[in-house]
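This report refers to the structure that appears directly beneath it.
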Amino acid sequence: MPSPQGEAVLAHHRAPLISHHKDGSECPPSHKHTTSGKPLHPDCPGRHHFESVCTCGAWKLSGGVKTHVNDERKRHLATHRATELAEGPVMLRGLLRLDAS
């Protein structure tokens with residue numbers, strides 16, 4: 001995507017991992033839980049599922065096991081990093097214009 005100066009800028013995608021209650025509402029970070037998953041916050045009914053949506057718009061995953069969703073989230077984000085690393089040198093050559101002409 002071009003910046004205001006017309007230069008190419010690499011997109012840094014994010015896919016936050018969000019906890020949800022059974023009713024679909026977000027379980028905020030202030031709702032602490034034990035290592036076994038039991039809620040410590042008096043108003044928290046407990047986490048039901050986890051969801052991650054990438055800012056690329058092409059990837060979304062929801063599931064009941066936090067480690068599974070988190071592992072898949074990391075795997076997806078790694079595909080973006082691999083693409084960004086491959087595009088980086090091409091973009092730099094265009095910006096630096098190291099040819100002698």
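Side notes on the structure shown:
- With only Cα atoms counted, region 17-96 has Rg and Dmax values of 17.6, 58 Å.
- Remark: accessible surface ordering of 17, 77 (largest first) is 17, 77, probe radius 1.4 Å.
- Note on residue 26: accessible area is roughly 110 Å² with a 1.4 Å probe, heavy atoms of protein only.
- Solvent-accessible area of region 20-73 (1.4 angstrom probe, protein heavy atoms only): carbon and sulfur portion equals 52 percent.
- Backbone HN-Hα couplings from phi across region 72-81 [Karplus 6.51/-1.76/1.60, Hz, Gly and Pro as x]: 5, 4, 4, 4, 5, 4, 5, 5, 5, 5
- Rolling a 1.4 Å probe across all protein chains gives residue 75 an accessible area of roughly 140 Å².
- Partner lysines for residue 38 [C-alpha distance under 20 Å; skip if fewer than 8 residues away on the same chain]: 22, 66
- Taking every protein chain into account, the 1.4 Å probe leaves residue 25 with about 50 Å² of accessible area, to the nearest ten.
- Counting only Cβ charges, +1 for Lys and Arg and -1 for Asp and Glu, the dipole size of region 17-96 around its Cα centre is about 200 debye.
The values are calculated or read from the model by the stated rules, or taken from the named source; none is laboratory data. If you're wondering where the values come from, they're calculated on a predicted model, not measured in any experiment. Positions of Cβ are backbone-derived with ideal geometry, glycine not excepted, and every protein chain shown enters the neighbour counts. Only protein heavy atoms, including side chains, enter the accessible area calculation; ligands, DNA and RNA are left aside. Shrake-Rupley method; radii C 1.70, N 1.55, O 1.52, S 1.80 Å.
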